[in-house]
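Input: a single structure, listed below in structure tokens.
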Amino acid sequence: MKKVLALILAAVLVLSFAACTKNSDNKPSNNKTDVTLTPEEIEKKIADAVGKDNYLCDTDIDKDMLKNVYQLDLSQVESYVAKQNSIASVNPDTVIVLKVKDGYADSAVKALNEGFGQIVDYIRQYPFGTAKVLGGKIYKVGNYVIYIIAGKSYEGENSEEESKLAASEYEKIEAVMKDIFGNVPENLAVVPKDDENEKGFDFSDDSKENSDTPLLGG
């Protein structure tokens, strides 16, 4: 009798283990690992989500700006697309999509945060599109690094309405990220502290040497 009970118990345990394994296999992962889109294809999806009339990134960012302002090492980038508005000093919209070599993604995030910090400081001196800029995104998924300041521009003087519009525009972009990568990646953009003497942002020696470089192209 004891032997029969032991066999029944063993069978129940095996079935329970199999059920748990099946549920575990069906559980979705945090990020897709088989993404093969090019940077151009990802940028187009972002543009389509924002909408033709509201997507203002119409000009390629040149390599010198990517190196000197964004401090990117392009020798570590396999492919990229980098766009901004043709009058970037008025419209800060920027989309940079990088597919980088193994081991460079974290450095690319750090470099893009340097450029982001300069743009944030700029719009604090000359406030326009403030909510859009402060809501900027930097995503890292595998070897993809994506920098986004984009969305419909606010025309008015109500800061609450401006913030709501920026948030709703970024929701469209987050939906694209979820569709591509399986979830919305963590936003790694660091907003500098709003203090003249303590920006909360460290410039490298190179960026200090290039301090005469315009913060925004155009």
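The values are calculated or read from the model by the stated rules, or taken from the named source; none is laboratory data. Note that this is a predicted model, so its numbers are computed, not measured. Counting neighbours? That spans all protein chains shown, and the Cβs are built from the backbone with ideal geometry, glycine included. Side chains are part of the model used for accessible areas, which takes the heavy atoms of the whole protein and leaves out ligands, DNA and RNA. Shrake-Rupley method; radii C 1.70, N 1.55, O 1.52, S 1.80 Å.
Just a few scattered comments:
- Working note: Cα gyration tensor of segment 31-185, eigenvalues times five, square-rooted, sorted largest first, giving semi-axes of 24, 18, 13 Å.
- For segment 27-99, convex hull of alpha carbons as volume per residue, Å³: 119
- Karplus 3J(HN,Hα) series, Hz, for segment 35-40 with 6.51 cos²θ - 1.76 cosθ + 1.60 (x for Gly, Pro): 5, 10, 5, 7, x, 4
- Taking every protein chain into account, the accessible area of segment 51-136 amounts to 42 square angstrom per residue (probe 1.4 Å).
- Listed values for segment 179-189 are Karplus-derived 3J(HN,Hα) couplings in whole Hz (6.51 cos²θ - 1.76 cosθ + 1.60, θ = phi - 60°), namely 5, 6, 9, x, 7, 7, x, 5, 7, 9, 5, and x replaces Gly and Pro.
- Relative packing of 55-65, 79-89, 112-122, which averages over residues the other C-beta atoms within 10 Å, highest first: 112-122, 79-89, 55-65
- Carbon and sulfur %, accessible surface of segment 100-157 computed with the full protein complex present, 1.4 Å: 45
- Across q = 0.22 Å⁻¹, segment 74-120 modelled as identical point scatterers on its alpha-carbon atoms has Debye log10 I(q)/I(0) values of -0.83, in the order of the q list.
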